[in-house]
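Laboratory data are not the source of any read-out in this text; all were calculated from the coordinates shown. These numbers come from a predicted model, not from an experiment. As a convention, Cβ positions derive from the backbone with ideal geometry for all residues, glycine included, and neighbour counts pool all protein chains shown.
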Amino acid sequence: MIKQVCRAYLLKGPCQPRNHDFPQKIEANRKRKFVSAWFDEFKMWLEYSIAKDDAFCLYCYLFSSGSSEKGHDAFISGGFNTWRKKDRLRDHVGEVNSDHNKCRLACQDLMNQAQHIEGYDGASNMRGEFSGLKTLILKRNPNAYYVNCFAHQLQLTIVVVSKKHIIVGSFFNTISRLCNVVGGSCKRRDMLRENLKSEDYGRHCK
Ligand SMILES: [Zn+2]
């Protein structure tokens, strides 16, 4: 099933008609019916079809590629309706590596992909529609969002301005050297911080 369709199903969530008047049927000489409280217990995947009076699993319906696990197919195509055997619902979930849990993880992965945000360099050819990084990322993940990096754009602008104006260029050179000298030593950094806190600095700033 194509990703977009799966995602639409998952966003909608399992079909759980809680207020439906579930029909009764005789099973092993007793009246049985689907119980809406099961929706609470298996909230994320249990589906009920009013038309068929059958239960299904949303995760396995979307992602199962067939399993040899006993009774598994009932939750995908056949429909589960042996209401007296409610334990089958829990059995369906199974152990960590069960087919159901593999399908659950596949669903989670798909939804995570949709929410994944990729950042791009917002400059020059990096955002080129056909040759840029954006295109490469979108090829691998069509759901990546394009987030422009404004810090990088600002830096490029400053580089251009600095090249054209000697005074501006000299200012940024000095700042850059200062950052290297102070940032390269914890002792110098502490000295700068102490000076910033001192009254003397406050007086100059007024
Ligand atoms: Zn399942």
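FRET efficiency for Asp109 and Lys12, Cβ-Cβ distance as r, R0 = 25 Å, nearest 0.05?
Approximately 0.85, to the nearest 0.05.
Rg(Cα) of segment 3-113 divided by 2.2 N^0.38 Å?
Compared with the compact-globule rule of thumb, segment 3-113 sits at 1.07.
Take the residue pairs Lys163/Lys187; Lys3/Lys31; Lys33/Lys70; Lys164/Lys187; Lys3/Lys33 and return only those whose Cα atoms are more than 31 Å apart.
Beyond 31 Å between Cα atoms: Lys163/Lys187; Lys3/Lys31; Lys164/Lys187; Lys3/Lys33.
Sorted by packing (mean other beta-carbon atoms within 10 Å per residue), highest first, where do 10-19, 57-66 land?
The packing order, highest mean first, is 57-66, 10-19.
Give me the one-decimal nm value for the distance between modelled label points at Lys33 and Lys70, 7 Å along each residue's Cα-to-Cβ direction.
Computed distance between label sites Lys33 and Lys70 equals 3.0 nm.
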